[in-house]
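The values are calculated or read from the model by the stated rules, or taken from the named source; none is laboratory data. Note that this is a predicted model, so its numbers are computed, not measured. Glycine also receives a Cβ, built like all others from the backbone with ideal geometry; neighbour counts cover every protein chain displayed.
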Amino acid sequence: MSEKGFDRVKEIISGYKRDEKLLLHCLKDIQHEVGYLPKEALKMVASHLGLPLSKVYSVASFYRALSLEAGAKDVVHVCTGTSCHCRGAKRVLEELLALQEKGKDITIKTVNCMGTCALAPVVVVGNRYFGPTNPGEVGKILERSTQDGSEKQG
Ligand code: FES
């Protein structure tokens with residue numbers, strides 16, 4: 001972590017009370033500012049909130065919106081199962097690929113069925129399901145999802 005990043009992390013952490021319930025918010029703030037959660041930052045958070053490092057680490061690694069590695073991209077799952085395919089998943093996927101081509105830093109993965117066919121075509125960012133989606137709104141979905149953060153499943 002750069003010196004500037006270190007100072008920024010210190011500043012963010014100092015804005016939090018010593019309260020375990022604030023752990024996720026604190027980690028999200030650091031993620032938002034630095035782009036990932038460096039190990040030093042996890043140690044600083046653990047010390048500030050009075051938590052074991054293992055607890056901080058397990059929360060940091062549990063949420064998809066949080067990353068322990070620099071440069072990790074957002075993973076966007078596009079369902080191309082039968083229902084989603086019939087309702088336009090291909091065009092949604094093409095739009096996502098076009099956004100990626102234009103520089104949107106995402107990893108796109110296709111899946112066969114998310115089990116939510118009533119929402120077809122479905123796009124999942126983190127554990128947030130969006131549907132029915134259309135090519136015109138996927139850009140907004142990405143913006144919203146990367147700002148909010150979301151939980152991992154299973
Ligand atoms: S086919 Fe897409 S959710 Fe089932």
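The table that follows gives values for the structure above.
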| quantity | calculated |
| --- | --- |
| Residue check, residue 85 within 16 Å of the ligand (Cβ to nearest atom), closer than 26 Å to residue 138 by Cα and not hydrophobic (A, V, I, L, M, F, W, C) | yes |
| Members of the range 94-132 found to be within 12 Å of the ligand (Cβ to nearest atom) and part of a helix (DSSP H, G or I), listed by number | 117, 118, 119 |
| Qualifying residue in the range 16-32 (condition: more than 14 Å from the ligand (Cβ to nearest atom), hydroxyl-bearing (Ser, Thr, Tyr) and over 13 Å from the mean Cα position of the chain (by Cα)) | yes |
| Which listed residue, of 68, 42, is in a loop (DSSP other than H, G, I, E, B) and surrounded by 15 or more Cβ atoms within 10 Å (Cβ to Cβ) | 68 |
| Qualifying positions in the range 45-58 - touching a residue at least 24 places away in the same chain (Cβ under 8 Å), assigned to a helix (DSSP H, G or I) and either farther than 26 Å from residue 145 by Cα or not assigned by TED's automatic domain parsing to the domain that holds residue 10 (or both) | 48, 49 |
| Lone unmet requirement of (1) buried (at least 19 other Cβ atoms within 10 Å of the Cβ); (2) modelled with pLDDT under 90 for residue 30 | (2) |
